[in-house]
Amino acid sequence: MNGKMQQSSIIRIGSNQQQTLTLNTLHADEHLTVYLEAHARLTFIQTYEHNCQGAFIISFILESDAQLEHELCIETTGTITGNYHFILQQKGASVVSRARILLTGSAQCTITSEQSHGASYTASELDFKTVVQNGASYSYNGTIVVAQNIQEVTAYQSDKALLMGKECSATSIPNLQILSNQVRCGHASALAHIGEEQLFLLVSRGIDSSHATQLIIQGFLK
Amino acid sequence: MKNQKGLNREVVIKISEQKNEPGWMTDFRLKALDIFERKPMPSWGADLSELDHQDIYYYIKPVESAERLWSDVPETIKTTFDALGIIEAERTLLAGVGAQYESEMVYKNLKKEWADQGVIFSDIETALHTHPELVKKYFSTVIPAHDNKFAALNSAVWSGGSFVYVPAQVKITLPLQAYFRINQAQFGQFERTLIIAEPGAFVHYVEGCSAPVYRSNSLHSAVVEIIAHESSRVRYTTIQNWSSNVYNLVTKRALAKKNAVVEWVDGNFGSKVTMKYPSIILQGEGAQGQVISIAVAGKGQVQDTGAKIIHCAPHTRSHIIAKSISKEGGIATYRGLLKVLKGSHNAKARVQCDALLLDEQSRSDTYPTMQVIEEKVDVGHEASVGKVSQEQLFYLGTRGLSETVAQALIINGFIDVFVKELPMEYAVEINRLIAHEMEGSIG
C-alpha cells in the first residue's frame, strides 16, 4: 500500500500486516503517530527533495515483535526540522532507521531522535549520515533511553557528518540514559572533512578533483 | 568573632584579614561574593537541592580547628584503610585526626633541588606574599569568578591550595605531590590551585589519594587553573575519595598555548555528589589536550563528570577517554563538550566513553556535545554501555577464580587505560581499592 499523509494523522498497522508507506511532501508543521500492532512490519520512507522545507514530528509506537524499517532522504537548501520518537513498548520490537541528508548553501537541518526502550528483547539501530556543504548547518540531538528492570536490549546510534566548503557547521549531541544493566548500547558520531590524502590518491589515478569529490561523497553515503 | 555558619561580607573580610592579604585580593573576594549571591544554582546536572550554603563553616579560627579522635572515624573508612594497606601515620592524616607525615624529610631534600632550579612550590597563601607579582598576573585569568556559581563561591572564600611555578626549560622529573605539602592545613575545603609552566617546562602534579578522606564538612568546592606556555607540558592527576557525605563541586581549567600539552588524569571514587568537568582551552597552534577519567558510582552516589575541550587554533589535537562504573544504585554520568571554533583547521578530536553497569538498580547517562564551526576537522565520538559478560566470568571461573575475584579482575581490565597513567604507588592502591569496592557487589 502506498499512503499519503495529512497533518496530525494517526496511522495504525494492524496485527501481522506488512506495509510500505512513503512520504514525499513536507508541511510547515506535521505531526504523525504510527502504531505498529503485534507482529506488524512497516517500511516507512521519507524523501524530501527540491529544496523543500518544513517541520515534522513522528512517533512510532511498536507493540510486541513489530518491526520498523525507516528511511529518510533529504536534499535541500531550505530549513528542515525533524523530530523522531521510536517507542519500543513491548517485547521483541525492533527498529532500523537510516537517514541520508545532503545540505547545501543556506540549508539548516535540525534532527532530534529518541529511542525509548520500555520492554525486554527490543532492538534499535539508527544510522544517520549527512553531507554539509558551503554554508549549510546541521544539528543532531539523539537520545537512547533504556527503562529499569528490562533485559537483553540492544540499542545503537550513529551520526556522521561530512563537512565541505566554507562556513558550514555541525553539532552532534548523542545521549544515553541507561537504567538497566542487561543491555548493550552504544553510539558513535563523527564530524570530518574530505582528507587531502583521499583526494590526492584519486586525482593521481587520473580522476579530476570534482569527480573525485563526488566519488568520496558517494562512498560516505553508502 | 566566633566561628559561625553561613556566608556574608563580614566572613569574607575576616578570611582575608586572617591571611593578611593585599587589598586587591580582598576586593576580588568581595566582588566574587556578589556574583555568588546573584548567580542561580545550576539548573542541570545532579540534584543539589539539599545543599544549604548557610549551613557551612566558611571560616574557622586556626586555634579552634579541634582534632578529632580516631574513634570518631567511621568504620567503613577504617576497613578501607586496612584493605589498601595504608600506613599508620598516613591514616591519621587522611582521617583528619593527626597532622604529621614521616615523608616530610625526604620531601624537604627534593624541595631544595627544585628550588635551586627556580621552581616555586608552596601553598598559595605563602606565594601571595613571597611572589605577589606572579600570583596577581595569573590568578583567576583562566577561571574568572563569574564562570559559575561554585567558582564564585571559591573565589570569595578560598583557602589553601598549591602554587606551582616552573621556569622555562625546567623539567621536574618526579611528580609534585600536594600530599606532602599539606600537613597542617590538610585537604582544603575551598582550595585554589594555580600552576604556571613557562616555555619548554614540564611538571606532573598529583593531588588527592585513593584512600578515603574523611570530612565532616559537606561541601568541597575547589578551583584549579593551569597556564601552559609555549611547548610546555603539564599533567595534573587527581584521585578523590571523599567520604560519602561530601558534595564535590570543582572547576578545573587549563590554557594551552602554542605546542603546549595539557593532560588531566582524573579519578572519582568517593563523595555523595561530584560535578567535575576538567577543561582545556587549546589556544595556540599545535596545542594538545588529553583527559583520562574514571568515575565509580556506588550506593547513593552521583558521579556527574566529564570533560570540556575548546579548539581555538589550527592543528590542535584532543583526546578524551572517560570510563564509568555504576553499582548498587549509583548514577554515573558523562557530560562533555567538544567545540571546534572557526579557523581551527586540521583540528583532530576523539572522545571515547565506556560505562559498566554492575546491577539492575544502577544508572548510566551519557551527554556528549560536539560543535564544529570549521570544515577542515576530524572529530569522532564513541560510547558504549554494558555489563560484565557472563562468558568472561565463566571463563575466569573455569580457571578457579571466585566470582568476586573474577569480576574485580575484569573491572581492573576495564579501567586499565586510566591506571596505566598513574604513578606506580597510586596504581597499586587503585587496583586494591577496586577489589575492595567490588566485594559483595556481584550483579
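The values are calculated or read from the model by the stated rules, or taken from the named source; none is laboratory data. Predicted, not measured: the structure shown is a model, and the values here were computed from it. FYI the Cβ positions are ideal-geometry reconstructions off the backbone, even for glycines, and counts take in every protein chain you see. Side chains included, ligands, DNA and RNA excluded: accessible areas come from the protein's heavy atoms. Shrake-Rupley method; radii C 1.70, N 1.55, O 1.52, S 1.80 Å.
Kindly indicate whether any position in the stretch A:142-156 is closer than 14 Å to A:His193 by Cα, among the charged types (D, E, K, R) and either touching a Ser or Thr at 6+ places or on another chain (Cβ under 6 Å) or more than 7 Å from chain B (Cβ to nearest Cβ) (or both).
no
Please find, among B:Ala287, B:Ala347, B:Ala355, the residue that is touching a residue at least 12 places away in the same chain (Cβ under 8 Å), away from chain A (no Cβ under 13 Å) and aliphatic (A, V, I, L, M).
B:Ala287
Limited to the stretch B:117-144, what total is found for residues that are within 17 Å of B:Val166 (Cβ to Cβ), assigned to a loop (DSSP other than H, G, I, E, B) and aliphatic (A, V, I, L, M)?
Within the stretch B:117-144, residues that are within 17 Å of B:Val166 (Cβ to Cβ), assigned to a loop (DSSP other than H, G, I, E, B) and aliphatic (A, V, I, L, M) number 2.
All but one of (1) buried (at least 18 other Cβ atoms within 10 Å of the Cβ); (2) under 11 Å from the mean Cα position of the chain (by Cα) hold for A:Glu125; which doesn't?
Tallying (1) buried (at least 18 other Cβ atoms within 10 Å of the Cβ); (2) under 11 Å from the mean Cα position of the chain (by Cα), A:Glu125 fails exactly one: (1).
Among (1) closer than 22 Å to A:His31 by Cβ; (2) touching an Asp or Glu at 6+ places or on another chain (Cβ under 9 Å), where does A:Gly92 come up short?
Of everything listed in (1) closer than 22 Å to A:His31 by Cβ; (2) touching an Asp or Glu at 6+ places or on another chain (Cβ under 9 Å), A:Gly92 misses just condition (1).
How about the stretch B:323-344: which of its residues are facing chain A (nearest Cβ under 9 Å) and not in a strand (DSSP E or B)?
B:Lys342
Could you say which residue among A:Ser189, A:Ser120 is facing chain B (nearest Cβ under 9 Å) and either farther than 30 Å from B:Gly343 by Cα or of a type in the set (Gly, Ala, Ser) (or both)?
When all the criteria are applied, what remains is A:Ser189.
Here is a list: B:Val119, B:Val135. Which entry is crowded, with 16+ Cβ neighbours inside 10 Å, in contact with a Leu (Cβ under 7 Å, 6 or more places away or on another chain), β-branched (Val, Ile, Thr) and modelled with pLDDT of 55 or more?
Going through B:Val119, B:Val135 in turn, the sole match is B:Val135.
If the requirement is being within 7 Å of chain A (Cβ to nearest Cβ) and of a type in the set (Ser, Thr, Tyr), which of these qualifies: B:Ser364, B:Ser402?
B:Ser364
State all residues of the stretch A:74-118 that are in a loop (DSSP other than H, G, I, E, B), open to solvent by less than 10 Å² (accessible area, probe 1.4 Å) and over 30 Å from A:Asn134 (Cα atoms); if no residue qualifies, say none.
Within the stretch A:74-118, just A:Ala93 meets the criteria.
If you go through the stretch B:224-237 one residue at a time, do you hit one that is modelled with pLDDT under 90 and not basic (Lys, Arg)?
Within the stretch B:224-237 (the criterion being modelled with pLDDT under 90 and not basic (Lys, Arg)), the answer is no, since none of the residues qualifies.
Can you tell me which residue in the stretch A:158-183 is farthest from the chain's Cα centre (by Cα), limited to those that are open to solvent by less than 30 Å² (accessible area, probe 1.4 Å) and more than 7 Å from chain B (Cβ to nearest Cβ)?
Here the answer is A:Leu162.
Which ones in the stretch A:32-67 are out of contact with any Gly (no Cβ under 7 Å at 6 or more places or on another chain) and over 24 Å from A:Thr122 (Cβ atoms)?
Within the stretch A:32-67, A:Thr47, A:Tyr48, A:Glu49, A:His50, A:Gly54, A:Ala55 meet the criteria.
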